[in-house]
């Protein structure tokens with residue numbers, strides 16, 4: 001299956017555009033995962049398609065909203081018409097329930113404060129342990145008082161016999177959540193945010209969707225993802241970590257991206273165990289997972305357990321081969337203390353390289369300081385561009401275009417992704433290492449400019465997480481390829497790929513080109529009171545270490561100009 005096989009053009013003028021979008025998602029899931037759908041999911045999809053259009057629309061409206069209970073008087077949509085009439089087929093088919101049982105928390109979400117106050121007063125008249133609330137009682141106080149005496153769910157009509165409206169329960173919410181996961185690859189994106197009509201504003205790279213690249217190869221993997229999601233939610237709600245750990249699904253061989261997700265949940269659990277004082281369990285979990293932050297935490301736990309020798313041994317491993325710069329930085333901070341505890345001299349730390357700094361004075365009125373410095377430095381023979389992170393990232397994205405959009409399992413879930421799902425995860429480079437190395441080899445072979453120009457022409461405007469199309473004009477690209485040597489490009493590209501999440505940002509603000517000399521310099525601009533950030537310092541140190549021309553330009557206010 002490829003994106004070219006799927007076309008969807010819902011019009012914003014169509015009041016049922018959301019229903020068309022929902023059917024698009026269902027069709028996509030059916031075509032990509034026919035073997036992963038259980039009978040209940042297939043039955044739901046077939047049943048929905050047979051229902052009258054207003055009934056379908058009403059169900060989708062409910063699915064797109066929060067919760068699984070809805071008052072009929074709050075389901076008023078002109079394109080649907082009579083709500084109760086539209087609901088009848090849904091009730092007969094079992095997709096909705098009537099008069100569901102709700103607890104006091106669920107009930108409170110359906111009632112206004114005056115309605116809840118009236119209910120509390122009525123219940124207080126029949127329950128001597130419930131004090132009669134005052135007219136100014138807050139809603140949360142009413143809920144707390146009622147929850148103490150009425151902990152069990154009750155039918156809507158039992159709570160409110162004289163209710164002027166019906167309450168519907170959505171019977172297929174969990175099923176729809178599973179379908180949403182299978183389409184989006186996550187549960188962060190809501191149905192309501194997926195307005196395909198607006199996607200016409202963007203163009204997306206064509207990624208082949210074949211069975212070999214399916215993110216979910218087995219139904220058990222979908223089950224495991226949902227289980228991990230529930231475990232994480234339980235952890236955030238404060239449930240004891242030992243109870244959650246028992247429910248963590250076993251690792252699934254063959255699904256590297258899902259294993260990485262499992263490791264991230266286990267890392268959160270390990271940290272909770274560490275904070276609660278269960279260092280033995282924390283150490284065991286930290287040691288078993290492949291998360292960049294895990295080794296520094298394990299070193300700390302070993303130190304707390306008095307296992308200083310083991311902590312120093314692991315520290316040496318981290319310093320010798322850090323997973324990323326943040327891990328290296330953490331290890332360096334622990335080195336002196338641990339070496340002292342172990343009675344050893346601290347490991348030698350290379351001196352941080354310096355960089356060129358200078359100060360200039362400008363009026364500093366009106367535009368951003370970067371724009372004023374650009375105007376101040378610019379000459380016909382040495383043009384200056386305000387690029388921040390855009391230039392180097394864009395060149396990387398153009399050179400490595402096919403690698404970024406390689407159809408790896410767990411990378412692309414649907415045809416409207418501007419980036420692979422694992423872009424900011426530690427395994428992003430590792431999973432594509434061969435492809436990236438082949439692309440970077442073009443910098444040495446001399447074919448890189450043709451490749452960059454090819455994708456600049458052929459993919460103009462197509463979404464890419466690295467490419468800033470609004471910045472990458474032909475004049476800027478011509479200057480960049482003429483003035484930035486390929487050896488420097490490779491150094492800059494490799495640092496970004498080493499840790500995409502951290503290193504896509506922090507690059508200097510400006511670039512000044514010297515076309516006659518085929519050279520350039522990068523400039524980080526700091527106005528009055530502005531300080532270098534950690535990621536900017538790391539970039540400057542890296543550039544200084546590898547002789548990439550990068551400077552810091554401090555700008556002070558020209559007081560004489562201000563008072564003229």
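Against the definition (more than 28 Å from residue 430 (Cα to Cα), touching a helix residue (DSSP H, G or I) at 6+ places or on another chain (Cβ under 9 Å) and either part of a helix (DSSP H, G or I) or modelled with pLDDT under 95 (or both)), how does residue 315 come out, yes or no?
So residue 315 fails the test.
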Kindly indicate the residue of region 434-483 that is surrounded by 15 or more Cβ atoms within 10 Å (Cβ to Cβ) and modelled with pLDDT under 95 and also nearest to the chain's Cα centre (by Cα) among those meeting that condition. 463
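On the phi < 0 side of the Ramachandran plot and touching a residue at least 60 places away in the same chain (Cβ under 8 Å) - does that describe any residue in region 238-256?
Within region 238-256, one or more residues are on the phi < 0 side of the Ramachandran plot and touching a residue at least 60 places away in the same chain (Cβ under 8 Å).
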Given the criterion surrounded by fewer than 13 Cβ atoms within 10 Å (Cβ to Cβ) and under 30 Å from residue 466 (Cα atoms), identify the matching residue among 250, 260, 212. 212
Only one of these is out of contact with any strand residue (DSSP E or B) (no Cβ under 8 Å at 6 or more places or on another chain) and assigned by TED's automatic domain parsing to the domain that holds residue 555: 525, 496. Name it. 496
Counting only helices (runs of 4 or more DSSP H) entirely within region 177-277, those with at least 2 residues that are within 16 Å of residue 411 (Cβ to Cβ) and at pLDDT below 95 are 256-276
State whether the residues of region 332-343 include one that is assigned to a loop (DSSP other than H, G, I, E, B), modelled with pLDDT under 90 and surrounded by fewer than 16 Cβ atoms within 10 Å (Cβ to Cβ). yes
Looking at (1) assigned to a loop (DSSP other than H, G, I, E, B); (2) touching a residue at least 60 places away in the same chain (Cβ under 8 Å); (3) over 25 Å from the mean Cα position of the chain (by Cα), which one does residue 511 not meet, given that it meets all the others? (1)
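The values are calculated or read from the model by the stated rules, or taken from the named source; none is laboratory data. Just so it is clear, the structure is predicted and the values come from calculations on it, not from any experiment. Don't worry about glycine lacking a Cβ; one is built from the backbone with ideal geometry, like all the others, and counts go over all protein chains shown.
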